[in-house]
Amino acid sequence: MVMQSTQKTVRGIPDVLTTLGEVLDPEIPVLDIVAMGIVTSVEVEPDATVVTIAPTYSGCPAMRMIENDIIEVLTRKGFPHPQVKISFARVWSTDDMTEEGRAKLRDYGIAPPAPRPGEPGDPADVNRTAACPYCGSSETMLKSFFGSTACKSLHYCNDCLQPFEAFKCI
Amino acid sequence: MTDLALTNFLIRTGDDCLIVGHRLSEWCGHAPILEEDVALANIALDCIGTANALYTRACDLGGGRRTPDELAFLRSVTEFRNALIVELPRGDFARTIVRQYLFAEYELLLFEALSSCPDPEVAGIAGRTINERKYHVRHCREWVARLGLGTEESRSRAQAAVDELWPYTAELFQKDKLLEELVASGVLPGLDGTSAEWTDVVSRSLSDASLVVPADVFQHVGGREGRHTEHLGHLLDEMQIVARSHPDGKW
């Protein structure tokens, strides 16, 4: 993460990051964008606050809403001229999600993403097995690589007989 | 004029993604089972998202004179540069799945090549796309096997799809001045091996599914020069009607 503060201001990067912790993924409203790991850079200048975020899935419709929410919260907290840049230059991966973020997902009923396999591994392979977020069983089966949003796959728990979703490893 | 060449290449690659994404979206509400409806809509979303990312970068490199929405919704048939295979009608489920499989394997190779592009945004879009396409390839390859090894009807429909689509596959690897320019200026690595690599991978999956790869057949080209089948016009009519009926509309 690139963090630059060109000039000492009353409020610096940690304050911006704390504030960004209030911006939640609209599709998974327990996960904030810092825990998701999509904030790749914050620049604080006397007359501008620039936040760069990396897209999760290229077609994720939540990105535009997240962008608006960042501007809204930074404006409301009085940060000068908030701007959001969306950049693919740093490729986001589910490995960027924090432990705290993973725990929140699990508590919410979504299995957290499996760690990415090393090259030339295929994320689809590690995505076949996911522990049930309800009972913890690993006796689960993949129903489909594609779920209710771009980032989730469909699974079924053979122990507690509960269908559930997993955040797809990418 | 490397920027211009790269811009044009991003637009035509985006055209492939947008048009195939629109074809997939036609299944929304019509797929044979619910999970498949969800899957095809998700794959469509990924493809349209990639198109948006590529168009956005192309517009930035072009100095912001055009917007991604203008590229998608305000160009006519002859201005699109997509390969013909993506504009063909969706056909039955077998045709859609076989097309998506053949196309996703091509995209995987293309975006692997683009991931070393000196433009960091383009390299990043490619890196993002590769990971998404691995799921497309896996999903479609598994369906190709199910159809090919399933019932007599599913096998014959899958074979018919292969026979109809194969004559449109060489265009994906067709060399032209644009590609030569990008390779010469180091924006793209040489793509000489990709056609053989694709044929090898795809032939193996098809034969694993007991499907026969057609031998030397006539290959249709023209999409990269804006010469399209009659099908693209009908597709654009439907895809662009809202944007064209309400110019500059916002919602």
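The values are calculated or read from the model by the stated rules, or taken from the named source; none is laboratory data. Just so we're clear, the structure is a prediction, and the values are computed from it rather than from any experiment. All Cβ positions, even for glycine, are placed from backbone atoms using ideal geometry, and neighbour counts span all protein chains on display. Ligands, DNA and RNA are stripped out before the accessible areas are found, and what is left, the full protein with its side chains, is counted by its heavy atoms. Shrake-Rupley method; radii C 1.70, N 1.55, O 1.52, S 1.80 Å.
Projecting the Cα atoms of B:Val201, B:His231, B:Ile130 onto the dipole axis of the stretch B:124-251, where Lys and Arg carry +1 and Asp and Glu carry -1 at the beta carbon, places B:Ile130 farthest toward the positive end.
Segment B:Arg227..B:Asp69, full-extension length gain: 54.7 nm, with 0.36 nm per residue of separation and the alpha-carbon distance subtracted. Karplus-based coupling profile of the stretch B:242-248, in residue order and whole Hz: 5, 4, 6, 6, 10, x, 6, with θ = phi - 60° in 6.51 cos²θ - 1.76 cosθ + 1.60 and x standing for Gly or Pro.
A:His81 contributes an accessible area of around 130 Å² to the protein surface, as traced by a 1.4 Å probe with all chains present. Calculated on the alpha-carbon coordinates, the convex hull of the protein assembly as shown measures out at 156 cubic angstrom per residue. Rolling a 1.4 angstrom probe over the protein heavy atoms with all chains in place gives the stretch A:14-146 an accessible area of 44 Å² per residue. Sorting B:Lys177, A:Lys168, A:Lys143, B:Lys134 by accessible area puts them as B:Lys177, A:Lys143, B:Lys134, A:Lys168; the probe is 1.4 Å, largest comes first, and only protein heavy atoms count.
Annotation: aspartates and glutamates with alpha-carbon distance below 20 angstrom to A:Lys104 (same-chain offsets under eight excluded): A:Glu22, A:Asp25, A:Glu27, A:Asp32, A:Asp95, A:Asp96, A:Glu165.
The Cα-based radius of gyration of the stretch A:109-167, divided by its Kirkwood radius, gives an Rg/Rh of 0.96.
A convex hull fitted to the Cα coordinates of chain B yields 126 cubic angstrom per residue.
The candidates B:Glu230, B:Glu107, A:Glu22, arranged from most to least accessible area with a 1.4 Å probe in the full protein assembly, appear as B:Glu230, A:Glu22, B:Glu107. Counted by Cβ distance under 14 Å from A:Gln162, the other residues give a net charge of -1, where Lys and Arg count +1 and Asp and Glu count -1.
Counting heavy atoms of the protein chains alone, A:Cys160 has an accessible area of about 50 Å² for a 1.4 Å probe. Taken per residue, the accessible surface of the stretch B:101-231 reaches 43 Å², heavy atoms only and a 1.4 Å probe. Peptide B:122-135 is shielded by partner chain Cβ atoms: per residue, an average of 6 of them sit within 10 Å of its Cβ.
Each chain gives up part of its surface: A and B jointly bury about 2300 Å² of accessible area, both sides summed, for a 1.4 Å probe. Interface burial in the stretch A:44-61 reaches 40 Å² or more for A:Ser58, A:Gly59, comparing the full protein assembly with the chain by itself; accessible area from heavy atoms with a 1.4 Å probe.
Each part gets one Cα centre, and for the stretch A:96-170 versus the stretch B:1-34 those centres are 28 Å apart.
Give the carbon-plus-sulfur fraction of the accessible surface of the protein assembly as shown in %, rounded to a whole number; probe 1.4 Å, heavy atoms of protein chains only. Solvent-exposed carbon and sulfur of the protein assembly as shown make up 54 percent of the total.
The percentage of C-alpha pairs in the stretch A:2-86 whose separation is greater than 16 Å is 46%.
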